[in-house]
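> One structure follows; several queries about it will come next.
The values are calculated or read from the model by the stated rules, or taken from the named source; none is laboratory data. What you see is a predicted model; the values in this text were computed from it and never measured. Because the Cβ atoms are built from the backbone with ideal geometry, glycine has one as well, and the counts that use them run over all protein chains shown. Ligands, DNA and RNA are excluded from the accessible area calculation, which covers all protein heavy atoms including side chains. Shrake-Rupley method; radii C 1.70, N 1.55, O 1.52, S 1.80 Å.
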Amino acid sequence: MLRELLTLGRALEGGDLEAHVLQATGRFYLLDLYPKAREARLVPYGLGPEQCRRFLWVGDPPASNAPRDRATTRKLTYLLGQVPTRLAEDPGLKPLLQGLLLDPGRPGGKARFLLDLRGYRLVGAKDAEAQPFRVRGERLEVTEDLGKWKAGDLAEALAEVLKRAWGVAPPKGGEEVLFSLALEGRPLADFPEYRDYLKRLLTGERRFAQGSQGLCHACGRAGVPVAQSFADFKLKFYITDKKGFAPGVREEAFAKAYALCPDCFRALKLGEGFALENLKLRFLETEALVLPGAALEPERLSRLVERVLAQVHGLERLSAWRDFLARAKREEGVGYLGFTLLFFREAQAATKAKGVVLEVPPSRVEALFRAMEEAGVEGVRDWLYLLPLDRGQRGVEAGLALEAASRLFLGLPFLSRDWVPLFLRAAERAFREDATLFATSRFRGPGGALGLVTLAADWLAILVRMGVWGGTMGEKDLSGALLEEEEKRAFQAYNFGPLEAGLYLLGKAMEAVGQAQARLYQYRKEPLLEAIGWQGMSLVRVRHLVPEVMAKAAYYLEGEDRTRVLDLLGRATDLLERAEGGLSDREVPYYILMGYAQARSQRLRGGRREVAHEGEDA
């Protein structure tokens, strides 16, 4: 992941500060001070890309407890206290702020100074009050001794009275509200002194001030200045602020674990900022970063970003990929891109990784697209429904689906004993109409449970085709079994052995009897489906089940229907007798349900075809 971010950052190098600019929409306010005239104006703007570039919105510091040190910031409180305190520490900026700073004598709230607006005329302001300040007749007044107050508290009070006086409303509905500073009508972002300060800040120059040298773990150069702190980054790559994580439990040894030279530090910062701004999406109901694996050319970067995002969206939903191809008019000969996928969650100012899928090759992407298209599935999003995922207050708990996606992308094996019980559990909860199951938004009741089993069967065929079901490509032996051609093709697609095939045929026989039973109950219930051991079945129970189904077939069916079911049961018994075991009690019911569900699906399709033919005849 670091390699991809470094490559991305190196492709962006050569630009000015604008390469670090973030995008935001909402409202923007410029606090414009005229010290000679003792006047101040708060100038409102709409907030968009132009304002973000003009006023150099590069974000507040990543660490939530770090002092705010940029002239464009999210809170007016910061602009009045913490920001001028930090700017005054820079030799180049201190002369610009001369005469604008008030030192109340009591530092606090990460502020020592605040902007001194006492006696200023606040142009267009209404009367307002927030102790120890008030505005009367557009003039800012002090109502008590400021020496009693800490600088941070004064900044908050001053921000409050200014917002009331100028009518600054709080943010609404996810909009961003930003503030910045100007002197005599000129934004601080236009001053060379500030631009130089901000550049040194963003490139981590202070991290190299101690002059320690070592090995850069990114480019491999030795004997160069290195930084080992990652506090400047929003993505928490390494823990470098707790000594227990350092080699030998020595703080000075962090550089042995990971360190960066100035060039790589700058490239990683650029890459991280660009990725968080342009390569973020939701995948399987989870925030994710998509990092291209292809060689990056700056002039083609925007096109590459568009393609890799469309590709990952398309893996989740095939319809999104088809839409992209239609818009791009590149339905033939589209090249696929490798990528790395980082799943994360944002916690305060930090972004913490939940999982990572490293270096998915283009060949894997192409194979997965083709297999999904041929199977007719929706996309990898299906796994949100195939697995027993709970619906929580913050949305679906998608951990198992993310693991399945990782295995698909990396070609890791899916073992039947691990995944089939999960398929069965999801279908069983859908059958019971469990409202806490995410899948019940689409799959509910007996019909929904069978729909889930059918969907899992489609994915089983995909996994077999891609060589990851059970971790083997070898076919199981069904030679000598009495199978119809359609059954042979299905069992080959699923890589069934005698046991799975026998259970599948038993399920098909049970569906025919269950349909006849349901007809008697006017389709309000299906006793034979309810009798399946959703919690698990032993092979001993299966052998007792066969004569039970045979007896019910003799009672409920007649003629060709009875003959066909008895034939299915006979061939199922033959296959079960050939089987040597190998399935757990939690796998056995699934393969019965798979035959049941696919027989029901065929019945429904046949019914629709008959209705269509009747319509044509009419």
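Quick grid of which residues meet (1) within 21 Å of Arg195 (Cα to Cα); (2) open to solvent by 60 Å² or more (accessible area, probe 1.4 Å); (3) free of Cβ contacts under 8 Å to residues at least 12 places away in the same chain:
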position	(1), (2), (3)
Gly81	yes, no, no
Leu102	no, no, no
Lys110	no, yes, no
Leu114	no, no, no
Glu129	no, yes, no
Pro132	no, no, no
Ala151	no, no, no
Leu158	no, no, no
Val161	no, no, no
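> So, one more: Find the residue count for segment 558-617, including only residues that are under 19 Å from Val540 (Cβ atoms) and either at pLDDT below 85 or of a type in the set (A, V, I, L, M, F, W, C) (or both).
12
> Moving on. Looking for something touching a strand residue (DSSP E or B) at 6+ places or on another chain (Cβ under 9 Å), open to solvent by 20 Å² or more (accessible area, probe 1.4 Å), within 30 Å of Gly338 (Cβ to Cβ) and assigned to a loop (DSSP other than H, G, I, E, B) - is there at least one such residue anywhere in segment 16-32?
no
> Looking at Val540, Val565, which is the one that is open to solvent by less than 20 Å² (accessible area, probe 1.4 Å) and at negative phi?
Of Val540, Val565, the one residue that is open to solvent by less than 20 Å² (accessible area, probe 1.4 Å) and at negative phi is Val565.
> Looking at segment 216-231, can you tell me whether even one residue there is touching a residue at least 60 places away in the same chain (Cβ under 8 Å) and either within 30 Å of Ala37 (Cα to Cα) or assigned to a strand (DSSP E or B) (or both)?
no
> Would you mind telling me which numbered condition in (1) closer than 18 Å to Arg27 by Cα; (2) under 35 Å from the mean Cα position of the chain (by Cα); (3) open to solvent by less than 20 Å² (accessible area, probe 1.4 Å) Gly204 fails?
That leaves (1) as the condition not met.
> Check Arg68, Arg106, Arg53, Arg118 and return the single one that is surrounded by fewer than 18 Cβ atoms within 10 Å (Cβ to Cβ), assigned to a loop (DSSP other than H, G, I, E, B), under 45 Å from the mean Cα position of the chain (by Cα) and among the charged types (D, E, K, R).
Arg106
> Among Val177, Val168, which is the only one that is part of a loop (DSSP other than H, G, I, E, B), touching a strand residue (DSSP E or B) at 6+ places or on another chain (Cβ under 9 Å), open to solvent by less than 70 Å² (accessible area, probe 1.4 Å) and under 21 Å from Phe55 (Cα atoms)?
Only one candidate passes the filter, namely Val168.
> Taking interchain pairs and intrachain pairs at least six residues apart, which have beta carbon atoms under 7 angstrom, with the first residue in segment 52-72 and free of Cβ contacts under 8 Å to residues at least 12 places away in the same chain and under 12 Å from Ala24 (Cα atoms) and the second among the polar types (S, T, N, Q) and open to solvent by 20 Å² or more (accessible area, probe 1.4 Å)?
That search, which allows pairs on different chains as well, returns nothing.
> Assess whether Glu500 counts as being farther than 24 Å from Leu284 by Cα, open to solvent by less than 70 Å² (accessible area, probe 1.4 Å), modelled with pLDDT of 90 or more and not aromatic (Phe, Trp, Tyr).
Yes.
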